[in-house]
Structure formats: structure tokens, C-alpha cells
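Input: a single structure, listed below in C-alpha cells.
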Amino acid sequence: MEAIQIIPFENSLRTHFEIINKAWVEELFAIEPFDKEQLEQPEKTILEKGGAIIFAKKGEEIVGTVGLSKIDEQTYELIKMGVSKNAQGLGIGKKLGIAILEKAKEMGARKVVLYTHTKLQAALKIYQNLGFQEVPVRDGKYCRCDLMMEVQL
């Protein structure tokens with residue numbers, strides 16, 4: 001099996017961020033206005049505000065992505081974790097999760113939060129394995145999310 005490389009955001013990869021995430025969101029939910037903004041303008045909505053986006057590359061193919069959205073100096077939100085259908089089950093989600101938490105530490109994060117849905121069982125297992133714990137959902141930020149988790153770094 002080809003090794004999975006974790007690589008940082010660059011403009012030539014921006015369409016992969018949109019395509020990979022639109023696929024799972026549209027399959028399981030519906031694109032909300034915040035999704036549209038993040039997916040179509042990641043530089044403006046995520047990177048310029050102090051966040052980060054990374055990708056998983058298998059051979060020459062981009063097969064996964066995840067982002068960090070800055071909430072404050074010590075808190076980031078894990079956003080838009082997705083793995084292409086043809087690459088699921090290979091441990092790519094976990095590799096992305098480990099890498100993005102390392103990135104969060106490098107950026108000064110003390111805590112990373114995420115909002116998700118209980119029907120995303122594979123993702124929930126990854127989050128739990130990364131040390132995320134369920135906390136009460138705050139602020140009803142997203143229509144489709146019924147679960148909030150956080151991890152202290």
C-alpha cells in the first residue's frame with residue numbers, strides 16, 4: 001500500500017477541499033450557508049482568520065482533508081474532515097486527526113472543539129480515539145449537529 005503523506009494547504013489544492021467535503025455533506029445532510037462559504041472561500045473564511053487546512057495524499061491523489069478554524073488564541077474548531085469514498089477504511093481519517101491536532105498545538109491551541117452528528121459513527125470513533133470527549137452542545141451553531149466534543153491539548 002502506498003504511504004499517506006500529510007501536506008499543507010496550497011492554492012492548487014483548494015478544489016479538493018471543496019470536492020471531498022461537498023461529497024459527504026451532500027450525501028448525508030445538506031449544504032448550509034456556512035458550508036458554502038468555507039468550501040468556496042477557504043482562504044478568506046479559514047486561513048486569513050488564523051486557521052489551517054491540511055490534506056492527505058496517497059500517491060499522486062488527494063484523498064482527504066481537514067481544517068482548523070480559530071475561535072480565540074487558545075481554542076480552535078476542527079472542521080471539514082473528509083476522506084474520499086475510494087480511500088475510506090485505510091486509517092486516513094485518524095492520520096488527518098493526529099496531524100491536525102499537532103498543527104493546533106504548533107499554533108498555540110490549548111483546546112480543540114468540534115461539532116458533529118451522532119449518525120457519523122466512523123468519525124465519532126476517530127474523534128474518541130484522538131481523545132475527544134462529549135460536552136454539552138453550546139450555542140446551536142450548526143443546524144445538522146447534535147453533538148459537541150472537545151479535547152484538551
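Any read-out appearing in this document is the output of simple, stated calculations on the displayed coordinates, not a laboratory observation. On a predicted model such as this, the values are computed, not experimentally measured, just so you know. All Cβ positions, even for glycine, are placed from backbone atoms using ideal geometry, and neighbour counts span all protein chains on display.
Applying the condition of being free of Cβ contacts under 8 Å to residues at least 40 places away in the same chain and part of a loop (DSSP other than H, G, I, E, B) to region 72-85 and asking which residue is surrounded by the fewest Cβ atoms within 10 Å (Cβ to Cβ) yields E73.
Count of region 86-137 residues, restricted to those that are closer than 18 Å to A52 by Cα, assigned to a helix (DSSP H, G or I) and touching a helix residue (DSSP H, G or I) at 6+ places or on another chain (Cβ under 9 Å), is 4. Applying a threshold of 7 Å to beta carbon distances and a minimum spacing of six or more residues, or different chains, the list of pairs starting in region 112-140 at a residue that is within 15 Å of I100 (Cα to Cα) and ending at one that is part of a loop (DSSP other than H, G, I, E, B) and of a type in the set (A, V, I, L, M) reads V112/L153.
Does region 61-71 contain at least one residue that is outside any strand (DSSP E or B) and surrounded by fewer than 17 Cβ atoms within 10 Å (Cβ to Cβ)?
Among the residues of region 61-71, not one is outside any strand (DSSP E or B) and surrounded by fewer than 17 Cβ atoms within 10 Å (Cβ to Cβ), which makes the answer no.
Filtering region 4-57 to residues that are among the aliphatic types (A, V, I, L, M), assigned to a loop (DSSP other than H, G, I, E, B) and in contact (Cβ under 8 Å) with a residue 40 or more places away in the chain leaves only A30.
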